[in-house]
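Take a look at the structure below.
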């Protein structure tokens, strides 16, 4: 080893030893605090024994099960001389949306038929023409114009009959 290398190594060892922390006063203070401080831990409170709970509702329905109907479902009588919707007909895609969830976004003519475009509130786009079914109340498109479409709906009147109601849906509404 060269004398310069030995000198540098000894200097580094000396500097490292000189950086040792002086904690004698900290240890002395900690020991003094431990001797003079008395810990005060309160004892746990005494608990009185409670009587066991007796569950007396075991014969009732569990609160985690759906209630069953005690009465038979109400069946309305179908009147012979009033308008009724065809409940056996297959539903079209636009019948799963209410009229208020549809927006008329455009119209066009193709192969002699007038078509309209509806945008739903969930972002889907549907096309329809006169005769297509629409809305939750058995609606049917009866007229298509440039900026509007007329829909005939069947609305229940509360007596078992259904009333016809025309609704106009305009562009931008």
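The values are calculated or read from the model by the stated rules, or taken from the named source; none is laboratory data. These numbers come from a predicted model, not from an experiment. Please note: Cβ atoms are built from the backbone with ideal geometry, for glycine as well, and neighbour counts cover all protein chains shown.
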Scanning the stretch 99-140 for residues that are surrounded by 16 or more Cβ atoms within 10 Å (Cβ to Cβ), within 20 Å of residue 164 (Cα to Cα) and over 33 Å from the mean Cα position of the chain (by Cα) gives none
Please determine, by comparing only the residues of the stretch 133-168 that are outside any strand (DSSP E or B), in contact (Cβ under 8 Å) with a residue 40 or more places away in the chain and in contact with a strand residue (DSSP E or B) (Cβ under 9 Å, 6 or more places away or on another chain), which one is nearest to residue 99 (Cα to Cα).
135
Scope the stretch 84-132; condition without any contact (Cβ under 8 Å) to a residue 24 or more places away in the chain, part of a loop (DSSP other than H, G, I, E, B) and under 15 Å from residue 150 (Cβ atoms); matching residues
130, 131
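Out of 66, 61, which single residue is modelled with pLDDT under 85 and surrounded by 10 or more Cβ atoms within 10 Å (Cβ to Cβ)?
On the way: 66 fails: surrounded by 10 or more Cβ atoms within 10 Å (Cβ to Cβ).
Going through 66, 61 in turn, just one is modelled with pLDDT under 85 and surrounded by 10 or more Cβ atoms within 10 Å (Cβ to Cβ): 61.
Yes/no matrix, rows are residues, columns are (1) in contact with a helix residue (DSSP H, G or I) (Cβ under 8 Å, 6 or more places away or on another chain); (2) within 26 Å of residue 81 (Cα to Cα):
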position	(1), (2)
103	no, no
108	no, no
112	no, no
119	no, no
134	yes, yes
142	no, yes
162	no, yes
166	no, yes
171	no, no
